[in-house]
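Peer 1: Here it is, the structure, as structure tokens.
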Amino acid sequence: MHADSETVIRKIEYEDLDAAFQLIKNVFQEFVAPDYPQEGIESFYNYFTPESSYRRKLASGKETMYGAYAGDTLAGVLSLSAGGTVSCVFVDGKYHRQGIGSGLFCTVIRELKARGESELHLSASPYAVPFYHALGFRDTGEQSSYKGIVYTPMKLTF
């Protein structure tokens, strides 16, 4: 499934990161945080503060964030490191099951293939595991926790 013709996927500019971070926090709170201990929630939020190392990676180009826009509304984001690891994927609940997440992955995979890469790695939250399995990702290890952030390591080969 792909995002419909009215959805535009493009790289998010640095000056638009505040809107992207707000979407990430809102979606995290609604869908992911219920599966996390307080330590994990705090660790997650610290990762998305204005002074975070993550924001510096985005500013330096070591990380690229893609946005899916439904008209003027940011409906979803996917962030990719230079090494082919997805660091976050979040889609506003109003846009779930409309092809936004799949469309973001299609865009990223197309770019990775053009660079000669053939794998994509990520750490899936418990909530997102079924979605990633549906895309063809396979678990590469057991569910684990780091600073309270619960995840399952996964890989997609294309």
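All of the numbers you see were taken from the coordinates with simple rules; none came from a lab. This is a predicted model, so every value here is computed, not measured. Here the Cβ positions follow ideal geometry from the backbone for every residue, glycine too, while neighbour counts run over all protein chains shown.
Peer 1: Give the relative contact order (percent, whole number) for the chain; include only Cα pairs under 8 Å separated by 6+ residues.
Peer 2: Relative contact order here is 27 percent.
Peer 1: Same structure, new question: Please check which bits of the range 77-101 a label hung off GLU111 would reach, taking the label as a point 7 Å along Cα-to-C-beta and the cut-off as backbone N under 18 Å.
Peer 2: Residues 77-91, 100-101 qualify, since their backbone N sits under 18 Å from the label point.
Peer 1: If r is the Cβ-Cβ distance from PHE158 to ASN26 and R0 is 35 Å, what FRET efficiency results, to the nearest 0.05?
Peer 2: After rounding to 0.05, the efficiency reads 0.70.
Peer 1: Over the Cα atoms of the chain, what Rg and Dmax result, in angstrom?
Peer 2: In Å, with Rg to one decimal and Dmax whole: 14.7, 41.
Peer 1: Which trypsin sites (Lys or Arg not before Pro) in the range 66-158 sit in a loop by DSSP (not H, G, I, E or B) and have at most 11 other Cβ atoms within 10 Å of their own Cβ?
Peer 2: Listed in order of number, the matching sites are ARG97, ARG115.
Peer 1: Apply the Kirkwood formula to the range 107-158: the hydrodynamic radius equals the inverse of the mean of 1/r over all pairs of different alpha-carbon atoms; give it in Å with one decimal. Please report the intermediate quantities before stating the final value.
Peer 2: On the way: mean 1/r = 0.0857 Å⁻¹.
For the range 107-158, inverting the mean 1/r across all distinct Cα pairs yields 11.7 Å.
Peer 1: With a cap of 16 neighbouring Cβ atoms within 10 Å, and only residues DSSP puts in a loop, list the GluC sites (Glu not before Pro) found in the range 86-122.
Peer 2: Counting only loop positions with at most 16 other Cβ atoms within 10 Å, the GluC sites (Glu not before Pro) in the range 86-122 are GLU117.
Peer 1: Nothing charged except the Cβ atoms of Lys and Arg (+1) and of Asp and Glu (-1): what's the magnitude of the dipole of the chain about its Cα centre? Round to the nearest 20 debye.
Peer 2: 420 debye
Peer 1: Where does each of SER145, SER79 land when they are ranked from fewest to most other beta-carbon atoms within 10 angstrom?
Peer 2: Values: SER145 12, SER79 23.
Least crowded to most crowded, the residues run SER145, SER79.
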